[in-house]
Amino acid sequence: MDDINLHYRFLNWRRRIREFREVRPVRYRERLKRMLRDGDVLRYHGNSDEVGCFVAARPLSKRSRYFEVTIVDTGVRGMIAVGLVPHLYKLDHQPGWLPNSVAFHADDGKLYNGNTVGQQFGPKCCRGDRIGCGISLDSDDGQLTVFFTKNGKEVGSLEVPAVEALYPAVGMHSLGEEVLLDLHAEWRMEEDDGLMIVDSHEDDWGRLHDIRVSGTLLEYTGKGKSIVDVGLAQALRPLNTRFHYYELEITDAGEKCYIALGLARKDYPKNRHPGWSRGSIAYHADDGKLFQGSGVGDAFGPRCFEGDLMGCGIMFPRDFSHEDGDDADDWDLEMFPQPSEVQNDLYASNDDDDDEGEDLEGTKVMVFFTRNGKVVGRREVALPAGGFYPTIGMMSTGEKVKVDLHPLSG
C-alpha cells in the first residue's frame, strides 16, 4: 500500500509539468545510406552519381526543437542539404526533394520544399559555415513553422503541414563532403533583437570535472580508461521542498553506459562515481544497481539505455526544515527493503577507501528513483549537512545526457 501511495504522489507531481512529454521507446535507430558516421562526423561515401542521406533516430519535438550542422569540407561540389523529413524517407533523394520534406541546400542557397525545383532562400554556404534547422510550436491551424539559420542568424522560415513527425536529415552528393552534426543544439528567441542565441545553463552547475556543458546537454570528456577517470557534474543548489526532483535523458550511451544519477554532499570527491563514497546515493544505468556510500551495489532496478529517462527525488518528512533533526517518526512510508549486497568488480573496493562507510547521522529523508516516468524504488537515508545536491557521473567515451533540474516546476 505504501508503494502505491508513493506512486500516486509522484504521478500528482507530474501533472504539474507545463509540457507533458511522452515516454518513448528505449532504443532508436538512425537511418543512413552512402554515408559514414564517426561519432558526430558525417562523411559522404558514394561515387558522386548517387545521393547519400542521413535521417536521425528521433524527430524534433517540444524537448528538442533544433539541430545544427557545421560544414567541415565541401568536397567536390558542396551539395550538402540540411532539413527535415519523415522517418521512412527514401535515402537516395536529397532532403526537400520528396513530399513532406523541407531542406536548405548549401551549394545554391535555395529552399526545397517537397520538390526537386528550389526557390531562392538565403546565401550559399561554404566550409566552416554552421547551418541550423528548427521548428516553432506557436503555429495554429495544423501548420508547423520551420526555420533555418546560418552562423547563428535566422535565414528565413516557412509553414508546412503538421501531418507527421519530422526528423533531422542531412544529404550529400559529391566526394569529400563532410559535416559535424549537433543534434542537441539548443536555441531560444532573444526578445530584444530577435536573434537566435545559445541558451547556456552553465550557471546551474556548481562543479564540473571532465564534463562539458552545452545548454542542458552534459558530455563526458575524460579518458574513460579506468575507475579513476570519472566525470562529475554537481548542481549549484541542493534539492529542497520546492525543487525536490530532477531528471536526465540518456542521449548517447557511449562505449559502456557508465552513467550514474543521484545525490551527493557538496564536498563529494570529483573522481568518484555518485554512490561510491560517503554522503551519496545513486542509481547506475549500466547494471541497474543502487550504490549508497559504497563501491558495493545492491540489485535495485532495470538497466537503462539510450533514450531512457532517469529521475531522482526526495520525499521530505512533514514540516521539514533544514534545522530539523532526526525525525523518522514523521514518515508514513516504511523503509524500502534492503536487497542482498552484490560486489561489482568494475567498481572500487571498500577496503582501501577511508571515505566510504555509513552516512553521517542527520534528518532522515526518503530518496526515490524513476525510469521513464515510473518509480523504480526508494531508500531512506540521512541528509548530509548542507543538503543533497543533484550529482551525475559518467565514465566511458561518448556518453551524453540531457538534464532537466526542474522538470516538475510549473
Near pairs, Cβ below 6 angstrom, 6+ apart or cross-chain, from the stretch 278-298 (outside the structural domain of residue 368 (by the TED database)) to any residue that is crowded, with 24+ Cβ neighbours inside 10 Å and not in a loop (DSSP other than H, G, I, E, B): none
Of everything in the stretch 266-285, what is in a loop (DSSP other than H, G, I, E, B) and either surrounded by fewer than 22 Cβ atoms within 10 Å (Cβ to Cβ) or among the hydrophobic types (A, V, I, L, M, F, W, C) (or both)? Give them in sequence order. 266, 267, 269, 270, 271, 276, 278, 285
For the stretch 205-226, which positions are outside any strand (DSSP E or B) and at pLDDT 85 or above? 210, 216, 221, 222, 223, 224, 225, 226
Is one or more of the residues making up the stretch 114-125 surrounded by 15 or more Cβ atoms within 10 Å (Cβ to Cβ) and basic (Lys, Arg)? no
From (1) acidic (Asp, Glu); (2) at pLDDT below 90; (3) open to solvent by less than 10 Å² (accessible area, probe 1.4 Å), pick out the condition that doesn't hold for residue 399. (2)
Just to verify a result, which residue in the stretch 230-243, among those that are surrounded by 20 or more Cβ atoms within 10 Å (Cβ to Cβ) and not hydrophobic (A, V, I, L, M, F, W, C), is farthest from the chain's Cα centre (by Cα)? 238
Any hit, the stretch 367-375, residues being open to solvent by 40 Å² or more (accessible area, probe 1.4 Å), in a strand (DSSP E or B) and among the charged types (D, E, K, R): yes
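Looking for whichever is at pLDDT 95 or above and surrounded by fewer than 21 Cβ atoms within 10 Å (Cβ to Cβ) here; the options are 288, 262, 325, 307. Which one fits?
Working: 262 fails: surrounded by fewer than 21 Cβ atoms within 10 Å (Cβ to Cβ); 325 fails: at pLDDT 95 or above; 307 fails: at pLDDT 95 or above.
After applying the criteria, what remains is 288.
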Residue 128, sole failed condition from (1) more than 19 Å from residue 35 (Cβ to Cβ); (2) touching a residue at least 60 places away in the same chain (Cβ under 8 Å): (2)
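If I ask for residues that are aliphatic (A, V, I, L, M) and open to solvent by 20 Å² or more (accessible area, probe 1.4 Å), which ones from the stretch 145-165 would you list?
So the first thing to find is which residues in the stretch 145-165 are aliphatic (A, V, I, L, M), and the list is 146, 155, 158, 160, 162-163, 165.
Listed by number, the residues that qualify are 155, 158, 162, 163, 165.
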Yes or no: the stretch 245-252 includes at least one residue that is assigned to a loop (DSSP other than H, G, I, E, B) and of a type outside the set (Gly, Ala, Ser). no
Provide a single number: the residues in the stretch 88-107 that are open to solvent by 60 Å² or more (accessible area, probe 1.4 Å) and touching a strand residue (DSSP E or B) at 6+ places or on another chain (Cβ under 9 Å). 5
Check residue 72 against each of (1) more than 14 Å from residue 42 (Cβ to Cβ); (2) touching a strand residue (DSSP E or B) at 6+ places or on another chain (Cβ under 7 Å); (3) hydrophobic (A, V, I, L, M, F, W, C); (4) open to solvent by 50 Å² or more (accessible area, probe 1.4 Å) and name the one condition it does not meet. (1)
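Return the only residue of 168, 161 being in contact with a strand residue (DSSP E or B) (Cβ under 9 Å, 6 or more places away or on another chain) and modelled with pLDDT under 90.
Working: 168 fails: modelled with pLDDT under 90.
Being in contact with a strand residue (DSSP E or B) (Cβ under 9 Å, 6 or more places away or on another chain) and modelled with pLDDT under 90 holds for just one of 168, 161, which is 161.
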Residues of the stretch 382-396 classified as outside any loop (DSSP other than H, G, I, E, B) and either at pLDDT 95 or above or buried (at least 21 other Cβ atoms within 10 Å of the Cβ) (or both), total: 6
Those residues of the stretch 226-267 that are touching a helix residue (DSSP H, G or I) at 6+ places or on another chain (Cβ under 8 Å) and on the phi > 0 side of the Ramachandran plot come to a total of 0
Any chance you could count how many residues in the stretch 176-199 are at pLDDT 90 or above and surrounded by fewer than 14 Cβ atoms within 10 Å (Cβ to Cβ)? 0
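The values are calculated or read from the model by the stated rules, or taken from the named source; none is laboratory data. All values derive from a computational prediction rather than experimental measurement. Ideal geometry is used to build each Cβ from the backbone, glycine not excepted, and the neighbour counts take in all protein chains shown. Heads up: the accessible areas ignore ligands, DNA and RNA and are worked out on the full protein's heavy atoms, side chains in. Shrake-Rupley method; radii C 1.70, N 1.55, O 1.52, S 1.80 Å.
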